[in-house]
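Participant: To start, I am sharing the structure in question, which I have written as structure tokens.
The values are calculated or read from the model by the stated rules, or taken from the named source; none is laboratory data. Keep in mind the model is a prediction, meaning the values are calculated, not measured. Methodologically, a virtual Cβ is constructed for each residue, glycine included, from the backbone with ideal geometry; neighbour enumeration extends over all protein chains shown.
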Amino acid sequence: MPSAFYLSAAHKSSGKTVVSLGLCAAFKQQSLNVQSFKKGPDYIDPIWLAQASGNPCFNLDFYNMSDEEIIRLYEQYTSQSDVAIIEGNKGLFDGMEVTGGDANADLAKLLNIPVVLVVDATGITRGVAPLVSGYQAFDKDVNIAGVILNKIAGDRHESKLIQAIEHYTDIPVLGAIRRSTELIIDERHLGLMPANETPESQGFIDTAAKHISDQVDLDRIVNLNQKTVKPIVPVISSKSKGITVAVAKDSAFGFYYQDDLDAFESLGVELVYFNTLKDTALPQADALFIGGGFPEMQLESLSANQSLLSDIKAQIEAGLPTYAECGGLMYLSRQITHQGQSHAMVGVIDADTVMTLKPIGRGYVQLAPTDEHPWNDVSAHIYAHEFHYSKLENIDANTRYAYQVLRGVGVDNKRDGILTHNLLATYTHLRNVGSNHWVKQFVDFIQSKI
């Protein structure tokens, strides 16, 4: 019977991700089976949360998932856990619609779990009371079960905050975390530094766990809510047994949704991982999948691995079914230019990648597949997302595209999904959900080419 709670905040950058990491690791150190989730489209936080909890993290997203899908995914992966933690994005009531419906509060209500509100206490004392009571009053259907005060300056500051909350509200203070340079994660243009790029990541997680264990009432949090979840056994199909897909996974490429990878395996597909920085050739496989990441941070190593670059180019040009997203698209272009330095890449896409200081595409997208799309149902719109600080230049005028962009940026504000040979390379990150079974479509396409 798992305990579950929703960790949200009054506003963005309140420190809830660090608190989430510390809680996951602290509960894991108590020998509890911890299952984490992240609201919305995000790869970086889930990498950290998975490392802290010891279990894969899963995303819950109103934009491309139905309520039923969200509940089913949540229940499937919490059924065997002791503690389930959902980390929100932005603030508790922030969302796309002014009237709500897609905010963190709505997800907490949908799953019927209590909210623990992280409050950044920087520069505030008595004023914390109207802030907390206002959040409590805004939507009576949201169960704010407790507050964790973050970035506390000292004993006197902590005392004033707790007195104000206890005097003016009935919400318990579950923890008060002191401001510390040990609880700062390096940030990058897309958010937190991915744990797969940071050798010291486990040390940071352990440090966060110690701070949380010392300053947060773990027993009180774990007893906030317990509910029975019926185990859901995923259906395994043997239809595609025998197919092998090579997947790039290393410090340059690591942005994959775990349930997408699970979908491949549920179809009987074997995933074989390779390292673009170290391996000199692709593993033997029927297809190739290169997800997103930060290849611009590994340009010298990627470009120096000429043997692998040549092998990938030769195999794609020979017809190897390939799907690439964002960082993968960049890697397959002729070159990537970053901070004035250009490095040769695979070169199977007739375009050059240029890194920019400001975001080119960032947020949700809506796509309409074109008649050129090799494996998608052209009648269905696709709801997905993009996050890129790069653009393509010197694109071949005869380039074919798989998508029209109805919302978002893609390659050129109008189109996305470059097609060549049996390759589809896109700035958009797809999610295997009920409205877009892209994994099965891609696997069917692979089968047709074997």
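Participant: Please work out if residue 28 is farther than 30 Å from residue 326 by Cα, in the same structural domain as residue 201 (by TED's automatic domain parsing) and of a type in the set (Lys, Arg).
Facilitator: Criteria met by residue 28.
Participant: Could you figure out which of (1) farther than 16 Å from residue 27 by Cβ; (2) modelled with pLDDT of 90 or more; (3) among the small types (Gly, Ala, Ser) isn't true of residue 209?
Facilitator: Unmet condition: (1).
Participant: Ok, one more. Looking for whichever is under 19 Å from residue 265 (Cα atoms) and in the same structural domain as residue 370 (by TED's automatic domain parsing) here; the options are 419, 423, 430. Which one fits?
Facilitator: Answer to the check: 430.
Participant: Could you say which residue among 378, 409 is at pLDDT below 95, not assigned by TED's automatic domain parsing to the domain that holds residue 62 and not in a helix (DSSP H, G or I)?
Facilitator: 378
Participant: Then there is this: Sort out which residues of the range 302-320 are touching a Leu at 6+ places or on another chain (Cβ under 7 Å) and closer than 18 Å to residue 446 by Cβ, and write them in order of number.
Facilitator: 312, 315, 316, 320
Participant: May I ask you to say which residue of 130, 46 is within 28 Å of residue 254 (Cβ to Cβ) and either in contact (Cβ under 8 Å) with a residue 60 or more places away in the chain or not hydrophobic (A, V, I, L, M, F, W, C) (or both)?
Facilitator: Matching residue, one of 130, 46: 46.
Participant: Looking at the range 431-449, which of its residues are part of a strand (DSSP E or B) and among the aliphatic types (A, V, I, L, M)?
Facilitator: Of everything in the range 431-449, just one residue is part of a strand (DSSP E or B) and among the aliphatic types (A, V, I, L, M), namely 433.
Participant: Quick check on my filter: what residues within the range 1-54 are in contact with a Cys (Cβ under 6 Å, 6 or more places away or on another chain) and among the hydrophobic types (A, V, I, L, M, F, W, C)?
Facilitator: Selection gives 34, 49, 50, 52.
Participant: Further question: Looking at the range 130-184, which of the residues that are of a type in the set (Gly, Ala, Ser) and closer than 19 Å to residue 116 by Cα is surrounded by the most Cβ atoms within 10 Å (Cβ to Cβ)?
Facilitator: Checked the range 130-184; the qualifying residue surrounded by the most Cβ atoms within 10 Å (Cβ to Cβ) is 175.
Participant: Let me ask another. Hey, among the residues in the range 135-168 that are of a type in the set (S, T, N, Q) and not in a strand (DSSP E or B), which one's nearest to residue 4 (Cα to Cα)?
Facilitator: Checked the range 135-168; the qualifying residue nearest to residue 4 (Cα to Cα) is 143.
Participant: Also, quick follow-up: Give me the pairs: first residue in the range 283-302 and of a type in the set (Val, Ile, Thr), second residue not in a strand (DSSP E or B), beta-carbon distance under 7 Å, and six or more apart or on different chains, which are they?
Facilitator: If the second residue must be not in a strand (DSSP E or B), the pairs left are 290/328; 290/331.
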